[in-house]
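Since every read-out is calculated from the coordinates, none of them should be taken as a lab result. Everything numeric here is computed off the predicted structure, so don't read it as measured data. Cβ placement follows ideal geometry from the backbone for every residue including glycine, while neighbour counts extend to all protein chains displayed.
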Amino acid sequence: MTAPLRLFNSLTRELETFEPIHEDEARVYTCGPTVYNYPHIGNMRAYVFADVLGRMLSWRRYKLTHVINITDVGHLTDDADAGEDKMEKMAAEKAQSIWDIAKHYTEAYWADVKALNIRGPMKQGEPEAAHWSIATDYVPAMIEFAKSIADKHCYELDSGLYFDVSTVADYGRLARAQTEEGEGRIEAVEGKRNAADFAIWRKTPPGETRQMEWDSPWGRGAPGWHLECSVMSGQLLGFPFDIHTGGIDHREIHHPNEIAQNQAFCCTNGLDDPLNSGAKLWMHNNFLVERSGKMSKSAGEFLRLQLLIDKGYHPLAYRMMCLQAHYRSELEFSWDGLGAALTRLKRIVMAVERLKETAKAEPEEQPYSPPEGVAVQALKDFDAAMADDLNTPVALTKLEEVTTIKKCPAAVKLGFVEQMDSVLGLNLAGLTRADLRLRPKGATIGEAEIEDALVRRKAARAEKDFARSDAIRDELSAQGVEVMDGDPLGWEWKLS
Ligand code: AMP
Ligand code: ZN
């Protein structure tokens, strides 16, 4: 008996058993990146989470349709309606067209998606791959959507068409934002009826031209940011669909506004029935936090995946770091933490490499043996952990457990590891120990320094302080030095 799949619904603030709306299918929508700059690794945590969710649904044999959007229009520097359009602002700063900016940063995003083994467009055609939709392809559909809700739910100001949140029941339930404190966060635009009202269409101010603008019944302009997600999710998945995901910040403004639009469009009532929101479950990953502020895209050099790679950390070490925390917990970034995740990944990869070697020497047919039963139990435990609101920290320990089961055929263990990894996505089938040894950009370590570190490492090993000896090896590795224990030629290290 498999455990029921339980997921945390931010709308009800409860764990709920996943029951698909369409038999044997799962339809998921994930708010994607705004491509005005490189994604930081916090953003990528949101997509690792969505990827693990999608993989788990596939693992449970649901026919998955997973839509992730690319926002290339409409997102302002403030999530309410104040500030500038992020894309227009960056285009002006770089003196480039918005289309070029969008293309450049979309490609950078794909590179991160690929490096983190998130199922992306490069795997399109496979049944479980994600479908990526581009906001600007849907502007005519957004205008049609807005037209259908305008009379009953919107009003026009000089600056645009606004959604009146008092026209839908339970506005803000997702954010629990009916309090004054909640509403106080949303900046006022002159003439708005309610502080929380938001733009559906932003008119281009008289005398100005925007790089991206379209004609509409409310004048030339651009759609409000929240509109695109309602339109793309509704068109590509059909209302109501199963699961909507995003980072926890979206629980406050973006998703309540999407829900209000969905209620208006579908003519549904209050949110006691979550289906009225347009999706059955709303799931949010917590933030990756970094105390020194390097996560801010405006802070010059910020924490993007390429920075980790340049420092010699394999990108999948970051995926491992994400998996080590539950998606609803805050995760604090540190280089030490990333190093520890890399070491753990290395250990697993080395164990898998050994299993591959042993499996080659095994006879093909082997009689059933009790240790296989242990592996079956570990797989069941793994599945149960993942079914418990995607408990990846526990699931990882089950994968490690399988690699260490005694007297179980290596081929059997490999099969179990592969199944588990189809959900965790660490690419254990393809990854080698050598792949994990990245040479940091501009490594300049001198031989004396290396020899000194090796002497300290030998001493640590003599004292059986393996944590310390591993740490020294990792420090060397981060500087491009590969320590070669037991090398037949007797070389102890080389620059990789
Ligand atoms: P954006 O490109 O700003 O629209 O953000 C893309 C996604 O990343 C959204 O789902 C955000 O909620 C999420 N996000 C932003 N910052 C973080 C962070 N520090 N940790 C985790 N997720 C984040
Ligand atoms: Zn969205």
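Observations on the model:
- Cross-link pairs beyond the 24 Å C-alpha cut-off, checked among Lys147/Lys203; Lys280/Lys398; Lys63/Lys360: Lys280/Lys398; Lys63/Lys360
- Reciprocal mean inverse distance between Cα atoms of segment 311-434 - Kirkwood radius, Å: 15.1 Å
- With the simple spin-label model, which puts each label point 7 Å out from Cα in the Cβ direction, the Asp24 to Asp485 separation comes to 4.9 nm.
- For segment 6-289, a/c is not less than 1.5, where a ≥ b ≥ c are the root eigenvalues of the C-alpha gyration tensor, and a/b does not top b/c. That puts it in the oblate class.
- Beta bridges per DSSP with both ends in the chain, % antiparallel, nearest 5: 45 percent
- Both radii come from the Cα set of the chain: Rg as radius of gyration, Rh as Kirkwood radius; their ratio Rg/Rh reads 1.02.
- Charge context of Ala111, other residues only, Cβ under 14 angstrom, K/R +1, D/E -1: 0
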